[in-house]
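In what follows, a single structure is set out as C-alpha cells and then discussed.
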Amino acid sequence: MAMRLDVRPIPLPQRHPKILAALDGLADGQPLVIVSDHEPRPLRSELGRRYGASLRWGQRHVGDQQWEIRVVKLAAAPDASPALATLRRSDAFADAAPESLENLAYFTRRASIKRHHCVVEQGVRWPYVGVVESGAVAAQFITRGGLQQAIYDLFPGDAFGETALFDGGYTLLRYAALTAGTTVLLVSKERLVAALATDGALRAGLERTAAQHSRSIVDRFAGQLSLSSTARVAAVLLPYAPPEPGLSPAFAPLPSMTQGEIAIEAGTAKEVVSRALRRLEEAGALERGGGHIVKLHREKLMQALEPS
C-alpha cells in the first residue's frame, strides 16, 4: 500500500529530511507518493545520490503548483540483465507484465552519446523509444530558423520518443545528451507496438509518460508568453537551487553551464541572459565565480517569478 506525504505545508528546509525519513521506513517495493508545490529536481538529485539505481522515480505535474512524485525502493535482482534493470527502473515500463519486459529488454540496443551530441533529431521517423540509462538527455524544440528552445530534461529511467507509438508520426522534439558518458537504451518500436496489443499496464505507463511530456511542452511555451526575460532565466535556475535558506551551492551541472546554454533553456538570446543574470545577482538571488553561477538563493529566485 502506498504511503502519501504532502510536503506543501512544511517549510522548505525541513522537507527533504522528512522525505528521507519516510523512504528509509519503507519496505522494498512499497511506493511513497510525495505531493509538492514545485518541480522536484533538487529532491531527485539528492535521492539519486543516496539510492542510485535502486530507486524508481515517477513524477506528474497535475496542476498549477502541484506535483505528485511516486518513488519506490527496488529490491536487488542479481539475475536481471542491465537492460532489464533499466526498464524495471523506468516509471513508463514499471507496471508491464514480466514477460513483456524480458522480451523488450532482450532486443534493446544501447547507445553511448557524447555531450551535446544528438540521440535523435526532431521531425524524423524513429524506430525506437529511448530510455535514459545513465547521464541526462535534453528534449529541445528547434525552430525552422534553427533557434533552440529547451523543453525538459530526462534522467536515468526516463523514457522519451513515446508519442509516435500512438499516432505513428514523427519525433516531436530533438533529444541530445546533456552530460558526458550518457547512455540510452533503444527499445524497438515494432516490438513495443506488438506488446501494447496485449499488455494494458504497459500501454497505461507509456500513455501517462506521453501525457506528462505534452504538459511540459505546453507549460514551457506558456511561460514564454507570460514571463519577463528575467523571470524566465530565474525559472531556468530554480531547479538547481537547494532548499536551504540563503545562498547555497548550486546543483550540477549549473556551475559548468555557459550563458549560451542558459539562453537555450530560457528561449532567449545570450545578451538577454547576461542582463538578467546581472539583475538577479544585484537582487541577491545568485552568486558567480569565475564567470559561472556557483550559488543560488531559492526564495529570491521565487520572488523574481512573482508578477511585479
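Taking the convex hull of the alpha carbon atoms in the chain, what volume per residue do you get, in Å³?
Values: hull volume 41.4 nm³, N = 308.
Looking at the chain, the number lands at 135 Å³ per residue.
What separates the Cα centres of the stretch 233-250 and the stretch 191-216 is a distance of 33 Å. Classification of the stretch 154-308 by its C-alpha gyration tensor yields a prolate form. The axis ratio a/c (a ≥ b ≥ c) is 1.5 or more, and a/b outweighs b/c.
For the stretch 49-91, state the semi-axes of the equivalent ellipsoid (square roots of 5 times the eigenvalues of the alpha-carbon gyration tensor), sorted largest first and rounded to whole angstrom.
Numbers: eigenvalues 132, 23, 10 Å².
The three semi-axes for the stretch 49-91 are 26, 11, 7 Å.
Assuming a ≥ b ≥ c are the square roots of the Cα gyration tensor eigenvalues, decide whether the stretch 10-161 counts as rounded (a/c under 1.5), prolate (otherwise, with a/b larger than b/c) or oblate. It comes out oblate by the Cα gyration axes.
Just to be sure I follow: if Rg is taken over the C-alpha atoms of the stretch 81-202 and Rh is the Kirkwood radius over the same atoms, what is Rg/Rh? Don't jump to the answer; show the numbers that get you there.
Working: Rg = 14.0 Å, Rh = 14.5 Å.
Using Cα coordinates only, the ratio equals 0.97.
The distance separating the Cα centre of the stretch 1-26 from that of the stretch 43-90 comes to 16 Å.
Express in nm, to one decimal, how much length is gained between Ala180 and Arg144 on full extension, taking 0.36 nm for each residue of separation and deducting their alpha carbon distance.
10.2 nm
Note on the chain: with neighbouring protein chains present and a 1.4 Å probe, carbon and sulfur make up 53 percent of its accessible heavy-atom surface. When Rg and the Kirkwood radius Rh are both evaluated on Cα atoms of the stretch 1-45, their ratio Rg/Rh stands at 0.94. When the Cα convex hull of the stretch 62-114 is projected onto planes of every orientation, the mean area is 5.9 nm².
Prolate is the label for the stretch 26-78, because a/c, from the alpha-carbon gyration tensor with a ≥ b ≥ c as root eigenvalues, is 1.5 or above and a/b exceeds b/c.
Solvent-accessible surface of the chain, taken per residue with a 1.4 Å probe and all protein chains present: 48 Å². The loop-placed trypsin sites (Lys or Arg not before Pro) in the stretch 126-213, going by DSSP, that have at most 10 neighbouring Cβ atoms within 10 Å of their Cβ come out as Arg144.
For Met302, the shell of other residues with beta-carbons less than 13 Å away shows a net charge of -2, using +1 for Lys and Arg and -1 for Asp and Glu. Can you compute the FRET efficiency between Asn103 and Ala53 using 1/(1 + (r/R0)^6), with r the Cβ-Cβ distance and R0 = 35 Å? Round to the nearest 0.05. It comes out at approximately 0.95. Scoring 38-51, 74-87 by mean Cβ neighbours within 10 Å over their residues and listing the highest first yields 38-51, 74-87.
Going through the cross-link list Lys73/Lys300; Lys73/Lys189; Lys114/Lys270; Lys18/Lys114; Lys18/Lys295; Lys18/Lys270, which pairs have a Cα-Cα distance over 30 Å in this structure? Before the final figure, lay out each step's value.
Numbers: Lys73/Lys300 34 Å; Lys73/Lys189 28 Å; Lys114/Lys270 24 Å; Lys18/Lys114 37 Å; Lys18/Lys295 24 Å; Lys18/Lys270 39 Å.
Distance filter (> 30 Å) returns Lys73/Lys300; Lys18/Lys114; Lys18/Lys270.
Estimated from helices alone, the mean residue ellipticity of the chain at 222 nm is -11500 deg cm²/dmol (sum of -39500 (n - 2.57) over DSSP H runs with n ≥ 4, per residue).
Positive contributions from Lys and Arg (+1) and negative ones from Asp and Glu (-1), summed over other residues with Cβ under 12 Å from the Cβ of Glu281, come out at +4. In this rough spin-label picture, where each label sits 7 Å from Cα along the Cβ direction, the Gln65-Val294 distance is 3.4 nm.
Under 5 Å from the amide H of Tyr152 lie the amide H atoms of Ala139, each residue being 5 or more positions distant or on a separate chain, with H modelled from the backbone and absent for Pro and chain starts. Dividing the Cα radius of gyration of the stretch 200-260 by 2.2 N^0.38 Å, with N the residue count, gives 1.53.
The values are calculated or read from the model by the stated rules, or taken from the named source; none is laboratory data. Keep in mind that what you see is a predicted model, and the values were worked out from it rather than measured. Here Cβ is always computed from backbone atoms with ideal geometry, including for glycine, and neighbour counts include all displayed protein chains. The protein model used for the area step is the full one, side chains on, heavy atoms only, and it has no ligands, DNA or RNA in it. Shrake-Rupley method; radii C 1.70, N 1.55, O 1.52, S 1.80 Å.
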